[in-house]
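No value in this document is a laboratory result; all are computed from the given coordinates. No experiment lies behind these values; they were computed from the predicted model shown. Here the Cβ positions follow ideal geometry from the backbone for every residue, glycine too, while neighbour counts run over all protein chains shown.
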Amino acid sequence: MTDTTSIKHPTPLTSGDFTAAEEPLALFGEWFAEAVKTEPNDPNAMALATVDADGLPDVRMVLMKGHDAAGFVFYGHIGSKKGQELAANPKAALLFHWKSLRRQVRIRGPVSPVTDAEADAYFATRPKQAQIGCWASKQSQSLESRFAFERAIAKFAAQYIVGEVPRPPGWSGWRITPLRFEFWHDRPYRLHDRIEFRRDASDQVWSKTRLYP
């Protein structure tokens, strides 16, 4: 059993810090910038939750590849399980958890595909081996052996040995437009700070509520 008295807690935030924020997007930007400095691996990693045709939730880790006033962007195969679930029910939830800062951010909202131009632009920034991997992978489908995957990688590596690698037609991205944010910060003895922001549509003003931990 863990001795909670030995756990080191950061200096508690005061009410004059994040709890005074009046809108969530700038606050997320500040927290993310701090996470980039402190997290040992992938500060842009986020849990993505979707729902399948039976209403059973699915969750997996993906990497955020962009965020602005329009939303949070990630990429993958359209035919994957997440792609199929988002096509059938274009709503999702995200969770960022930054252990080094003892903070988490929850986000919920509708999902829409990015444009072809956005997907092309991001795909062009990926390392060539990662681009080839997108061609070789049939994401979420059954794989008979690791050798079969490596053979597919070798095939596309030979096909695109020179020149640019085009974006596969079945690979693109999605944007989650946030309608709910929840910012959570650890405090001693589980007396945590929680702030929720809500709006009913992307063109509306945010409302803010402080939550019990």
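Of note:
- Where H77 falls short, out of the listed (1) within 24 Å of W135 (Cα to Cα); (2) surrounded by fewer than 16 Cβ atoms within 10 Å (Cβ to Cβ); (3) in contact (Cβ under 8 Å) with a residue 24 or more places away in the chain: (2)
- Applying the criterion of being polar (S, T, N, Q) and buried (at least 17 other Cβ atoms within 10 Å of the Cβ) to the residues of the stretch 113-138, the residue that is nearest to P168 (Cα to Cα) is Q131.
- Taking the stretch 83-110 as the range and being of a type outside the set (D, E, K, R) and part of a strand (DSSP E or B) as the test, the residues that pass are A92, A93, L94, L95, F96, H97, W98, Q104, V105, I107, G109, P110.
Per-residue answers, yes or no, for (1) aliphatic (A, V, I, L, M); (2) touching a residue at least 12 places away in the same chain (Cβ under 8 Å); (3) closer than 29 Å to S207 by Cα; (4) in contact with a Ser or Thr (Cβ under 7 Å, 6 or more places away or on another chain):
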{"residue": "E85", "(1), (2), (3), (4)": "no, yes, no, yes"}
{"residue": "F96", "(1), (2), (3), (4)": "no, yes, yes, no"}
{"residue": "K99", "(1), (2), (3), (4)": "no, yes, yes, no"}
{"residue": "I153", "(1), (2), (3), (4)": "yes, yes, no, no"}
{"residue": "P178", "(1), (2), (3), (4)": "no, yes, yes, no"}
{"residue": "E182", "(1), (2), (3), (4)": "no, yes, yes, no"}
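- Output for the stretch 49-82, where each listed residue is under 20 Å from A121 (Cα atoms) and outside any loop (DSSP other than H, G, I, E, B): V62, L63, G66, H67, D68, G71, F72, V73, F74, Y75, G76, H77
- Listed here are the helices (runs of 4 or more DSSP H) enclosed by the stretch 111-163 that have at least 2 residues being under 19 Å from G79 (Cβ atoms) and touching a strand residue (DSSP E or B) at 6+ places or on another chain (Cβ under 8 Å): 116-125.
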